[in-house]
Every structure is written in structure tokens, then in C-alpha cells.
Amino acid sequence: MAEVSSPPLPGSPLPCLMVGLGNPGDKYAGTRHNIGFEVVDRLSKVWAIPLKQERRFQGEYGAGFGPTRQKVYLLKPLTYMNRSGQSMRAVMDWLKLEPSQVLVVYDDMDLPVGRLRLRLSGSAGGHNGMKSAIAHLGTQDFCRLRIGIGASDRAGDRAGDSDKAVVSHVLGNFSKAERSTLDAVVDQAVRTLEKTLKDGVEKAMSLYNSVDLSGS
């Protein structure tokens, strides 16, 4: 029996600008830090919303309709990760959007591979792309979908060694086993975002935040 959609809860934000974080260029394609780009690329394909580079937005941008025929906008900032907020702000100002209408997809080392977490707000958690987003939006009260990439091996007697390990981890490629899991996670992310548009953030959170696709 098909699931019956219910209207979003009163007062629930309904995002329409979907932003995937990552770094531009072939050098970074497929790395852990670029999983946000991958999700937006999949949305572009599934929703038939072409992305093209827009100089005024400093990113790849597309506009079209989501699964509910709601107008939606897709964005991949091409500013490099630590300046992602500039691109987001440019689109928001052009479209006259509020932060509650934004949903950011990005990688999270605090979640294991195979998990994702949808939230209505939160801190940057040390993520440079989210630090920039919060700074340019002037608030941390906007939706985000965190995609688990697992923790790095931070072993090292000095803080510098730990920092290098983190950078190496996020800019590295997924293992073959992780890649298989991440393909399923990207599909799950699309389902999560479509549920968000149909029934609201809270409903999507209740359905997908506890799902583990790692197979462990």
C-alpha cells in the first residue's frame, strides 16, 4: 500500500534552495569532502533540473520543480569550501529567500559511513563550509543534511599531525567498500529531501535519521 503524504506541521520551514558543499575541479571529484556535490548532482538528474555555471552566483545553479511541483533551486558553490557562504548569499539575495528556505548538504566526520542526519539548525561543528554559510546567512537556523564520512585516524602526538590527518581524510577518496555504501546513501539522501518537500523536515527526520546503510 502506498504511503499517504500528510501536510507539513504548522510552522515547519519548507526549504526550496538545496545547496551541496564541495570543492571545484577534477582534483577533488569523488573525495569525502565533495559528497554534498554528489547529492546535488543526483537531484539534478532525478528532478531533471540542469545545472550550469552562473558567474553572478559563483557556482553551478539550476531552477526547476521538485517532486511536489514546488519551485526548487539547486546550487553547488564553486568558491572552494571555506567561502561557500558567499555563493549561497548571492543566490538568496537574488531570489529574496530567508535562511529557513535553505537546506545544505555536506560531509560529517562525526557520523559513520552509512548514516545521514537531517536537522533544522545547529553549529558548524568545525566544518569550514558551514562556518562560511553561518557567517554569510547571519544565523545557524537553517536546515542541513549531514552525510557521514567516518572519522579519520587522528593518531599523533602533536596537534599539527592530527590536523594533517583530518585534511588527508576529508580530501581522500572513499574505499571500494565505502563507495558502495555511499552510492546507497546518496539515493537515501534524495529520498530524504523528497520527503522533506512533501511532508516537512520533522517527518523526514523521524523516518531517515535512524537508518543505517552500512550493513554492519
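Nothing in this text is a laboratory measurement; each read-out follows from the coordinates by a stated rule. Computed from a prediction, not measured in an experiment: that's the story for all the values here. Cβ sites come from the backbone with ideal geometry, for glycine too, and all protein chains shown count toward neighbours.
A quarter of the convex hull surface defined by the alpha-carbon atoms of the chain gives 12.6 nm² as the mean projection. Helical runs assigned H by DSSP (4 residues or longer) give the chain a calculated mean residue ellipticity at 222 nm of -11500 deg cm²/dmol, each run adding -39500 (n - 2.57) before division by the residue total.
Net charge within 15 Å of residue 49 by Cβ-Cβ distance, Lys/Arg positive one each and Asp/Glu negative one each, not counting residue 49 itself? Combined, the nearby Lys, Arg, Asp and Glu give +2.
In this structure, the amide hydrogen of residue 113, modeled 1.01 Å from its nitrogen in the peptide plane, lies closer than 5 angstrom to those of 150, counting only residues at least 5 positions away or on a different chain. Diagonalising the gyration tensor over the Cα atoms of segment 30-141 and scaling each eigenvalue by 5 before taking the square root yields semi-axes of 20, 17, 14 Å, largest first. Computed from backbone phi, the HN-Hα couplings of segment 125-134 come to x, x, 7, 5, x, 6, 4, 5, 4, 5 Hz, rounded to whole numbers (Karplus: 6.51 cos²θ - 1.76 cosθ + 1.60, θ = phi - 60°; Gly and Pro given as x). Selection among 134, 47, 118 by position relative to the dipole of segment 17-208 gives 47 as farthest towards the positive end (Cβ unit charges, Cα centre). Local charge for residue 113 was computed over the other residues whose Cβ lies under 11 Å away, with Lys and Arg +1 and Asp and Glu -1, and equals -1.
Near residue 196, once Lys and Arg are set to +1 and Asp and Glu to -1 for all other residues with Cβ below 12 Å from its Cβ, the sum equals +3.
Along the positive direction of the dipole of the chain (beta-carbon charges: Lys, Arg +1; Asp, Glu -1; about the Cα centre), which of 34, 94, 79 reaches farthest? Working it through, the farthest residue towards the positive pole turns out to be 94. Working from Cα pairs under 8 Å separated by at least six residues, relative contact order for the chain is 26 percent. Taking 20 Å as the cut-off, the amide N atoms of segment 101-132 that come nearer than this to a point 7 Å along the Cα-to-beta-carbon line of residue 210 belong to 111-120. Of the trypsin sites (Lys or Arg not before Pro) found in segment 72-111, those that fall in a DSSP loop while having at most 14 other beta-carbon atoms within 10 Å are 96.
Along segment 79-95 the Karplus relation, 6.51 cos²θ - 1.76 cosθ + 1.60 evaluated at θ = phi - 60°, assigns HN-Hα couplings of 8, 6, 3, 6, 10, 4, x, 4, 5, 4, 5, 4, 5, 4, 5, 5, 8 Hz to successive residues, with x for each Gly and Pro.
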